[in-house]
Amino acid sequence: MGETGSGIDSVRSGVGAGMTQNQSLPTSLPVVFLHDVVVLPGMVVPIELDDSARAAIDAARLAADSHLDEGPGREPARVLVAPRLEDRYATHGVVAVVDKVGRFAGGKPAAVLRAERRAAIGAGVTGPGAALWVEAEDVPDVEPTETTRELAEDYRALVVSVLERREAWQVIETVRQIVDPGTLADMYGCVTAGIAALAGPLHGGANTAVMKMLIEIGDPAQIDEWLDKALEDKRKIMGIGHAVYKTEDPRATWLRKFSKQMADKKGDQKWFEMSQRIEQLMLEKKGMHPNVDFYSASTYYLMGIPLDLFTPIFAVSRISGWTGHILEQYANNKLIRPRAEYIGQRGLKYAPITER
């Protein structure tokens, strides 16, 4: 995109202010169909304009211009954004103001849409321009229940933990994402390779291993004895230490807070208190701090998330970055051939399997 504040060059500004909550929708709107962008109320989204979208926006502007003399102020141009479905007609969409129209830095026509509220899509109607017009009916917001509010709190903790994870180093997955697209594997295969590289207990599967460790210890009274034996046996204490952070992992600070919040909410302090004791002992004995995986384990567990879903949650936070790597590789592809030099013994004789 360009370097302007909106991300679009050669911009013509949209018209008017947004719709307030008490204003009603226009009875009909031109439709902009999108197949690769999700638009929700409150989002401001730049889109590339194909012929159909351009026709819809031109029609919305024409309709807005025709209402200049109908009252004070000028109503903004609005469109109804709907998903492009292959085999059925969308029943709901989002009303959006056309904020700006111009071009991306590369020259492709574009627009900035500011989504306002949900709407039900009705029958087709006539309207100005060459766009498809439909009836639009306001969909009122539903008052959330107490259960919904509680789920929203859990979801917020989960989303924050996912976003914290996006700061982690991505060496393993990045290498897999770059190598596999070089073979022109499809997007699904490349992402699957990334998930496979992530899943090991020394990386994305570490928080699952932390929770299994806590379950193995079982009784908080057994922590000191268990840890001493584990260190004596040279066992790795999962979720402790980091290859880069030599002080506390800043993400662990937030996950510790969320783990405590979930323990208080669920009335179950066991897993949080066990984690705290292990953290204290490892700092005393080894000078090592917890990483992001350590407290995310008890946080997810208290949310009721199955252990087998811990790593997929980690993967969800990275899919957007992975697909970015894949698309970059597709755009300037060259097959990557890792080289290896054999340094083992030479001159060895082949022995049949029966003689080995």
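Table: residues versus (1) crowded, with 17+ Cβ neighbours inside 10 Å; (2) at pLDDT 70 or above.
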residue: Glu137; (1), (2): no, yes
residue: Thr147; (1), (2): no, yes
residue: Ile172; (1), (2): no, no
residue: Val175; (1), (2): no, no
residue: Ile178; (1), (2): no, no
residue: Ala193; (1), (2): yes, yes
residue: Pro201; (1), (2): no, no
residue: Glu216; (1), (2): no, yes
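Cβ-Cβ below 9 Å, separation at least six or inter-chain, first residue in the range 67-91 and in the same structural domain as Trp133 (by TED's automatic domain parsing) and acidic (Asp, Glu), second surrounded by 10 or more Cβ atoms within 10 Å (Cβ to Cβ) and at pLDDT 75 or above: which pairs?
Going by the 9 Å Cβ cut-off, the qualifying pairs are Glu75/Ala63; Glu75/Ala64.
Mind checking whether some residue in the range 323-334 is in contact with a Cys (Cβ under 6 Å, 6 or more places away or on another chain), closer than 19 Å to Thr192 by Cα and assigned to a helix (DSSP H, G or I)? Before you say what the answer is, go through the steps one by one.
Step one: list which residues in the range 323-334 are in contact with a Cys (Cβ under 6 Å, 6 or more places away or on another chain), which gives 326.
Retained after the next criterion (residues that are closer than 19 Å to Thr192 by Cα): 326.
Filter once more, so that each one left must be assigned to a helix (DSSP H, G or I): 326.
Yes - at least one qualifying residue is present in the range 323-334.
Taking only pairs six or more apart or across chains, which ones have beta-carbon atoms under 9 Å, a first residue in the range 121-139 that is touching a residue at least 24 places away in the same chain (Cβ under 8 Å) and closer than 19 Å to Ala55 by Cα, and a second residue that is among the hydrophobic types (A, V, I, L, M, F, W, C) and part of a loop (DSSP other than H, G, I, E, B)?
If the second residue must be among the hydrophobic types (A, V, I, L, M, F, W, C) and part of a loop (DSSP other than H, G, I, E, B), the pairs left are Ile121/Ala90; Ala136/Leu25.
Please list, ordered by first then second residue, the pairs with beta carbon atoms under 7 Å, 6 or more apart or interchain, first in the range 275-287 and assigned to a helix (DSSP H, G or I), second loosely packed, with under 14 Cβ neighbours inside 10 Å and of a type outside the set (A, V, I, L, M, F, W, C).
Qualifying pairs under 7 Å: Leu281/Asp224.
Only one residue in Gly129, Gly122 is over 25 Å from the mean Cα position of the chain (by Cα), on the phi > 0 side of the Ramachandran plot and surrounded by 13 or more Cβ atoms within 10 Å (Cβ to Cβ). Which one? Even if it seems obvious, please write down each step before you answer.
On the way: Gly122 fails: on the phi > 0 side of the Ramachandran plot.
Exactly one residue qualifies, and that residue is Gly129.
Suppose the filter is surrounded by 13 or more Cβ atoms within 10 Å (Cβ to Cβ), within 20 Å of the chain's Cα centre (by Cα) and modelled with pLDDT of 90 or more; does Ala297 pass it?
Here the answer is yes, as Ala297 does meet what is asked.
Out of Lys257, Lys270, Lys246, report the one residue that is surrounded by fewer than 16 Cβ atoms within 10 Å (Cβ to Cβ) and over 30 Å from the mean Cα position of the chain (by Cα). Can you show your working first?
Values: Lys257 fails: over 30 Å from the mean Cα position of the chain (by Cα); Lys246 fails: over 30 Å from the mean Cα position of the chain (by Cα).
Result of the check over Lys257, Lys270, Lys246: Lys270.
Which one is farthest from Lys286 (Cα to Cα) among residues in the range 247-270 that are assigned to a loop (DSSP other than H, G, I, E, B) and free of Cβ contacts under 8 Å to residues at least 24 places away in the same chain?
Initially, the range 247-270 is screened for residues assigned to a loop (DSSP other than H, G, I, E, B), giving 247-249, 267-269.
Cutting the leftovers down to free of Cβ contacts under 8 Å to residues at least 24 places away in the same chain gives us 267, 269.
Values: Gly267: 32, Gln269: 25 Å.
Step by step, filter the range 247-270, then rank; the result is Gly267.
The values are calculated or read from the model by the stated rules, or taken from the named source; none is laboratory data. Not measured: the values here are computed from a predicted model. Neighbour counts are summed over all protein chains in view; Cβ atoms, including those assigned to glycine, are modelled from backbone coordinates with ideal geometry.
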